[in-house]
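One structure below.
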Amino acid sequence: MKFLAIAKREIYSFFLSPMAYAVLTVWLLTMGFVYFMFAQYFANNLSFGGSDTPLSMFFGQTILSFVPQLVFVPLMTMRLVAGENQSGTIESLMTAPVTSTDIILGKFIAALVFWLTLWIPTLMYVWITSRYGDIDYGTVLSSYIGVLGIGTFYMAWGLLASTIARRQIVAAVITFLFLGGFFLAGLGEYVFEDYRELFSYLSVWSHMADFSKGVVDSRYLAFYASMTALALFLAVRVLDTRKEIA
Amino acid sequence: MIEVEDLSKRYGSHQAVRDLHFSVAKGEIVGFLGPNGAGKSTTLRMLTGYLNPTAGRIRIGGHDVSEDPNAVRKLIGYMPEGAPLYREMRVREHLAYRAAIKGVPRKSIASAIDRALERANIEDVRDRIIAQLSKGYRQRVALADALVADPPLLILDEPSSGLDPNQIREVRQLIKSFAGEKTVLLSTHILPEVEATCERVVIINSGRKVGSGRPKELRRGDQQVVKVVARGSREDLIDTLESHGEVTVSSKDDVHTAKVTSPSSEDALEAIASAVISRGLKLRELRVAVTSLEEVFAKLTTIEEVADETDAQEKGEEE
């Protein structure tokens, strides 16, 4: 259970840093603005179409909910391992009787908690919307399932980047490249007509479009689970490899 | 407690440690002495499993470090160079975390922290944020970290670097207090540190072991190596020199170069000279040779200049 102690310390230190509050504030301002725009739009266009609602638009029918994620995930994951490397504590951590798996698992759990702290305040938008109209709580639930799935996927790759890089800023850049790369690959859906199906399977944007309409496609969840497992597996290997060169 | 055989570490083309062998018995306090860049930290990192050796074998407490690293780490309290700590945390929080990942049972953590704080003599800062502590306190927090799980073996990398003379004295007293109770391996580049705290010393230079023994025996001047070059019978030369100390000879035709390790005394050269000549050998050269051990000593810090170092470091950090 040593990974829990590692996760606990990581979370504790994260919330001691001013960075956490800066990130959270800017994130909520950004997402609040995105939500406000959709609410405003629907308020002014009563006849606007079909099954879409301000909440489903917010959760991912547009690129507006993804761009902030691509920026904020690197900021939240960069210090996970690279920070210990910069402060030198990686040496006392790796010479304690813990395994590389304990370290990566503990850091990953902490990263998921960071992700939840980004999203829990957005429940407020659900509450606000519910005061002015009817809400399908099923679609809200499926949207949050999607958000959690994408969170595990993104945080795992951010953790991998933080394990590879020696410095936090480099970790942030690598994470941005990873996530940006995946996101761009997803856009291939609109470019390569012949492989549309394949690319939409990779596209978190398409996934969220479904989740936000109440469709929980288990293929998407399998995609997140396998991408997460791959990144965590690689992160453990990278940590083990340090012993040859550190 | 520690057995090291033919240990080597190579970084690319740089050989940091080569064919090192030494052992530390249970309950011993051993100094690992060498100038900066000799491979001390690299060796300690291999002992603690932070680095894998390129070649060689390390056994600690009967476990092979590469085969069973976690069994070994449970036996070790390691203080890395520079005393890395989670600076945003309070001293007791840091120690509680370290105790937890070192496997101290939850119920015993509070008492383990109290004991470590007491031994490192830093009870007065238990609730302070580490970043606000002076270098000397941080060093002792790192020492408390090494002690918190009450391990039988302490591996301390430069335990007194950056401390002022009073703190150095305290740390040395603390280390000496472990005698008989814990096994201690500490690295240092300061000669008086070894003499003050260690029962035995292993000296390394450029990644190689160049000597070991009791600190006093290693003192420059207790022994000397005399180089003798003479022409004549090899057997006669060896026979003559053997009464003056341990002899090694290399020969080219009938010219022989001998090195005699003898107790140092002013008369030794004269005695060797007259002995060689009276045996009928032609003496060509006779002088006290510089040994590799002496080269090392020349590079060691032989005076306590750390107090100035502390001031300089703290000024640097404040800026």
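The values are calculated or read from the model by the stated rules, or taken from the named source; none is laboratory data. Everything numeric here is computed off the predicted structure, so don't read it as measured data. We place every Cβ from the backbone using ideal geometry, glycine too, and count neighbours over all the protein chains shown. Surface accessibility is based on the protein's heavy atoms, side chains included, excluding ligands, DNA and RNA. Shrake-Rupley method; radii C 1.70, N 1.55, O 1.52, S 1.80 Å.
A few notes on this one:
- With a requirement of 3 or more residues that are open to solvent by 50 Å² or more (accessible area, probe 1.4 Å), away from every other protein chain (no Cβ under 12 Å) and not polar (S, T, N, Q), the strands (runs of 3 or more DSSP E) lying completely within the stretch B:1-107 that satisfy it span B:2-11, B:14-24.
- The listed residue being under 19 Å from the mean Cα position of the chain (by Cα) and either surrounded by 17 or more Cβ atoms within 10 Å (Cβ to Cβ) or within 14 Å of chain B (Cβ to nearest Cβ) (or both), out of A:73, A:67: A:73
- The set of residues in the stretch B:65-100 that are in contact with a helix residue (DSSP H, G or I) (Cβ under 8 Å, 6 or more places away or on another chain), of a type outside the set (Gly, Ala, Ser) and without any contact (Cβ under 8 Å) to a residue 40 or more places away in the chain comprises B:65, B:92, B:93, B:97.
- One residue from A:115, A:127 being within 21 Å of residue A:34 (Cα to Cα), more than 14 Å from chain B (Cβ to nearest Cβ) and open to solvent by less than 10 Å² (accessible area, probe 1.4 Å): A:115
- Scope the stretch A:188-234; condition among the aromatic types (Phe, Trp, Tyr) and either open to solvent by less than 30 Å² (accessible area, probe 1.4 Å) or in contact with a Cys (Cβ under 6 Å, 6 or more places away or on another chain) (or both); matching residues: A:211, A:220, A:223, A:224
- Counted as qualifying within the stretch B:241-319 are the helices (runs of 4 or more DSSP H) with 3 or more residues that are in contact with a strand residue (DSSP E or B) (Cβ under 8 Å, 6 or more places away or on another chain), modelled with pLDDT of 80 or more and open to solvent by less than 80 Å² (accessible area, probe 1.4 Å), namely B:268-278.
- Some residue of the stretch B:137-156 being away from every other protein chain (no Cβ under 14 Å), out of contact with any Ser or Thr (no Cβ under 6 Å at 6 or more places or on another chain) and either open to solvent by 10 Å² or more (accessible area, probe 1.4 Å) or hydrophobic (A, V, I, L, M, F, W, C) (or both): yes
- Taken as a whole, the condition of being free of Cβ contacts under 8 Å to residues at least 12 places away in the same chain and either under 20 Å from residue A:28 (Cβ atoms) or within 13 Å of chain B (Cβ to nearest Cβ) (or both) does not apply to residue A:101.
- Residues considered: A:55, A:4. Of these, the only one that is over 17 Å from the mean Cα position of the chain (by Cα), within 14 Å of another protein chain (Cβ to nearest Cβ) and at negative phi is A:4.
- Count of residues meeting criterion [open to solvent by 30 Å² or more (accessible area, probe 1.4 Å), in a helix (DSSP H, G or I) and more than 14 Å from chain A (Cβ to nearest Cβ)] in the stretch B:108-136: 9
- The set of residues in the stretch A:196-207 that are farther than 19 Å from residue A:178 by Cα and in contact with a helix residue (DSSP H, G or I) (Cβ under 7 Å, 6 or more places away or on another chain) contains only A:196.
- Boolean, residue A:92 is among the hydroxyl-bearing types (Ser, Thr, Tyr) and within 14 Å of another protein chain (Cβ to nearest Cβ): yes
- Residues (over 22 Å from residue B:152 (Cβ atoms) and without any contact (Cβ under 8 Å) to a residue 40 or more places away in the chain) located in the stretch B:10-27: B:11, B:12, B:13, B:14
- Annotation note: Cβ proximity below 6 Å between a residue of the stretch B:126-150 that is of a type in the set (Asp, Glu) and a residue that is crowded, with 16+ Cβ neighbours inside 10 Å (sequence gap 6+ or interchain) occurs for B:127/B:90; B:145/B:98.
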